[in-house]
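Participant: One structure, as structure tokens, below. Some questions next.
The values are calculated or read from the model by the stated rules, or taken from the named source; none is laboratory data. Bear in mind that the values here come from a model prediction, so they are computed numbers and not experimental data. Note that each Cβ is placed from the backbone with ideal geometry, even for glycine, and that neighbours are counted across all protein chains shown. The protein model used for the area step is the full one, side chains on, heavy atoms only, and it has no ligands, DNA or RNA in it. Shrake-Rupley method; radii C 1.70, N 1.55, O 1.52, S 1.80 Å.
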Amino acid sequence: MSYESRSMTVFELVTHIGDYYLPAIQREFVWPSARIESLFDSLLRGYPIGTLLLWDVQPPAIFDFPFYELIRDFDIRKAHNIKANLNARTNCFGILDGQQRITSLYIGLCGSYTEKLPRLWVTNPDAYPLKKLYMNLLYVPKPEDDGAALFQVKFLPPSKAKNTDQSFWFLLTDILKYKTRNELRDFRRSTPYKGNDVFENNLDALWTAIHEVKHVHYFLEPSQELERVLKIFHRLNTGGTPLEHSDLLLSLATATWKRHDAREQIYHLVDYLNKYCGSTFYFSKNFILKTLLVCSEKDVRFRAENVSHKIPLEDIWLDVKKSLEITIKLLAQFGVNFQTLTAPNAAVCIAYYIFKRKLGESYLTDKSKEKDRDQIRIWLLKSQLARIFGGQTDRVLTIIRGAIKTSLEQGILDYPADAIEKALQIARPFSFSAEYIQSLVANTRYGQADTFSILGLLFPYLKFTQQQYSIDHLHPQAQFDRKALEKLGLTKAMIDFMLNNQDGLANLQLLPGSINSSKNKRPLMEWLKPDDTEPEAVKAIYRSWCLIPDVDLSITNFKEFYTLRQAKIVEALKATLGYAVPIEEKVEAVDEDMMVTEEEDVLTTLAVNEGAVS
């Protein structure tokens, strides 16, 4: 069939915006504020803004297919569209192509945009100001050939849209009030700028772009056949790169699932995993969909045929959802968050294991499963350091899935870390050469993602299920002041070494948050001195487990301390990561007679006695 090109003004579009809805196959709104400003600059220049494709939806399709309302007031903290109730409607227009542009026009002319300001904490109430779109009617347009915006259109908080001798910030919403040129003329005469050519030309350009020129060109798709609409949508969005494959797959899932709204379910789960599982994460719908494909036992690639009626993903959805919730809560128990989870696909593998074993919430606290949980933790940290998900991700996921499935079929119920490593020997081996380990230890610093993974492997005694841990400096940062160090008589070379390495791995440890607070800025030598509440036996165990060398621990001896502890960490990591360490090179083992029982864990002891630490 042939399509007839149609057109309308921007005013006509936003006036009837209540007739336009997003089919569930559409992704969410993603344009930044700068791109909306650029869109309006294009309108004012008289540039074309592309052609839309609208779906003329009639009953019964309007009732059989889920639709969503357009966003008018965008807020980055809650950017999801609201599901529309169309039961009382006899028709509507579904936006198949152009929803980013239509939503941008709607926000700019009728709504607001809220985004986070840079350099402010998310907890700061001023970090998310509500902004509206304004145009400076006193701005002198720049030449078109310099690449800059020809007009000055900006999102501003209303409190910042103050008029000066060089600016008259006109709220774009107000242009909708002046439906005729006579009404526009009356407004112009009411301002102090009647007769000002720049003011009048800018105002006229705005009115013309919104009310007069038919900038909005569109085609109308009349078919009520969902399969045809899906094919059109897929073709539109695979010729270029407007959508990710996961967007299309989510669209197809939404169109084919019968008992659940896939879009609503998956976005709700994304929010839950990121905010309510014990730590903050930044998972996306891609992560959810990939886990769903892995658990389907079919092809794990993002392909349309893998989300078809023939692959019953909806049948396993609730079990996969439950497995993901348990997995992310488990990661939070390990002390992992968005900063320290460098390989989210490792979590996909853990979720598959939990899914296959049909484990419930009790797995998180069951003492009989403690060894299994710790094996998962160690595997997670090792897999991140080995970079096994750095390439050929789908192949790696398929191999790991096969190893887990085979082990379970053989009656091996614990997490099969060894079987996974063996299966990956050819594709992505867990390879830790001496050079790699040395480089890892030498180059990892405070604030880097690998720091947590390394320290998590070096401190196996930590009870992650009992409390949160912080990465702490052994020699506190407060001691690394150049002027103070110069007063101690240290050479420039020594001071440079200290300042360059204060954040190095060899000066870091993991501590419970409460103990970290009590240690605060206390010098290492002072903090490790035994006292009535923490006798020498406890301090000796701590020094041994934390690989603290038996040397002078004053700040003036930092270089020797740092060098020796770095060597100890290298050797400890070689043993932990599976590197074969010659007997004569191994770090002296902890005397088993000195080992405490679980109830006497040294950090638990320190935490109990922290009140005695000033």
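Participant: Match the structure shown to one of the listed values (1) 41, 30, 23; (2) 56, 35, 20; (3) 53, 28, 23 of semi-axes √(5λ) of the Cα gyration tensor in Å, computed from it, and give that label.
Facilitator: Checking each listed value against the structure points to (2).
Participant: On the accessible surface of segment 9-52, probed at 1.4 Å, how many percent belong to carbon and sulfur atoms?
Facilitator: 51
Participant: Turning to a different aspect of this structure: Provide the per residue accessible area, probe 1.4 Å, for the chain, rounded to a whole number of square angstrom.
Facilitator: 48
Participant: Rounded to the nearest Å, what's the spacing between the alpha carbon centres of segment 251-329 and segment 471-514? Just the number, please.
Facilitator: 46
Participant: Given a 1.4 angstrom probe, I'd like the percentage of the accessible area of segment 517-560 that is carbon and sulfur, rounded to a whole number.
Facilitator: 50
Participant: Could you compute the net charge surrounding Tyr21? Neighbours are other residues with a C-beta less than 15 Å from the C-beta of Tyr21; K and R count +1, D and E count -1.
Facilitator: Counting the neighbours of Tyr21, the net charge comes to -4.
Participant: Okay, next question. Please report the spacing between the Cα centers of segment 107-182 and segment 377-447 in Å, no decimals.
Facilitator: 51
Participant: Applying a 10 Å radius around every beta-carbon, put 284-295, 30-41, 127-138 in order of their mean neighbour count, most first.
Facilitator: 284-295, 127-138, 30-41
Participant: Say the dipole of the chain comes from +1 at the beta carbon of Lys and Arg and -1 at that of Asp and Glu; which of Leu553, Met8, Thr256 then lies farthest toward its positive end?
Facilitator: My answer, from the dipole projection, is Met8.
Participant: Given Lys78/Lys369; Lys369/Lys405; Lys405/Lys568; Lys116/Lys258; Lys298/Lys329, which pairs have Cα atoms separated by over 29 Å?
Facilitator: From Lys78/Lys369; Lys369/Lys405; Lys405/Lys568; Lys116/Lys258; Lys298/Lys329, over 29 Å: Lys78/Lys369; Lys405/Lys568; Lys116/Lys258.
Participant: I'd like the carbon and sulfur percentage of the solvent accessible area for segment 369-493, probe radius 1.4 Å, heavy atoms only, ligands and nucleic acids excluded.
Facilitator: Roughly 48 percent, rounded to a whole number.
Participant: Follow-up. If I take every Cα pair under 8 Å that is 6 or more residues apart in segment 1-156, average their sequence separation and divide by the length, what percent do I get for the relative contact order?
Facilitator: Answer for segment 1-156 is 26 percent.
Participant: To continue, here is another question. Give me the one-decimal nm value for the distance between modelled label points at Lys371 and Arg522, 7 Å along each residue's Cα-to-Cβ direction.
Facilitator: The modelled label-to-label distance comes out at 3.7 nm.
Participant: Using helices alone, I'd like the mean residue ellipticity at 222 nm for the chain: each DSSP H run of four-plus residues gives -39500 (n - 2.57), total over residue count, nearest 500.
Facilitator: That comes out to -13000 deg cm²/dmol.
Participant: While we're looking at this one, here's another question. Name the shape class, rounded, prolate or oblate, that the alpha-carbon gyration tensor gives for segment 244-285, where a ≥ b ≥ c are the square roots of its eigenvalues, rounded holds for a/c under 1.5, and otherwise prolate holds if a/b is larger than b/c and oblate otherwise.
Facilitator: It is oblate, given that a/c is not under 1.5 and a/b is not larger than b/c.
Participant: In addition: Taking R0 as 41 Å, what FRET efficiency do you get between Gln166 and Asp394 from their Cβ-Cβ distance, rounded to the nearest 0.05?
Facilitator: 0.15
Participant: Quick check on segment 59-204: take the gyration tensor over C-alpha atoms, sort the square-rooted eigenvalues as a ≥ b ≥ c, and tell me if it's rounded (a/c under 1.5), prolate or oblate.
Facilitator: The shape class here is oblate.
Participant: To continue, here is another question. Normalised by the residues of the chain, what does the relative contact order come to in percent, with Cα pairs under 8 Å and at least six apart?
Facilitator: So the answer I get is 10 percent.
Participant: Next question, about the same structure. Give me the number: length gained by fully extending Asp315 to Lys358, i.e. 0.36 nm times residue separation minus the C-alpha to C-alpha distance, one decimal in nm.
Facilitator: 14.0 nm
Participant: Additional query: Search the structure for amide H atoms under 5 Å from the amide H of Asp73, placed 1.01 Å from N in the peptide plane, and list their residues when 5 or more places away or on another chain.
Facilitator: HN-HN under 5 Å from Asp73: Ser112.
Participant: Does segment 312-383 come out rounded, prolate or oblate by the C-alpha gyration tensor, with a ≥ b ≥ c the root eigenvalues, rounded set by a/c under 1.5 and, if not, prolate when a/b is larger than b/c and oblate if not?
Facilitator: Oblate.
Participant: How high is the relative contact order of segment 305-434, in percent, counting Cα pairs under 8 Å that sit 6 or more residues apart?
Facilitator: Over segment 305-434, the number comes to 24 percent.
Participant: Continuing with this model, one more query. What is the gain in length, in nm to one decimal, between Lys275 and Ala537 on full extension, counting 0.36 nm per residue of separation less the C-alpha to C-alpha distance?
Facilitator: That pair, Lys275 and Ala537, stretches by 90.2 nm at full extension.
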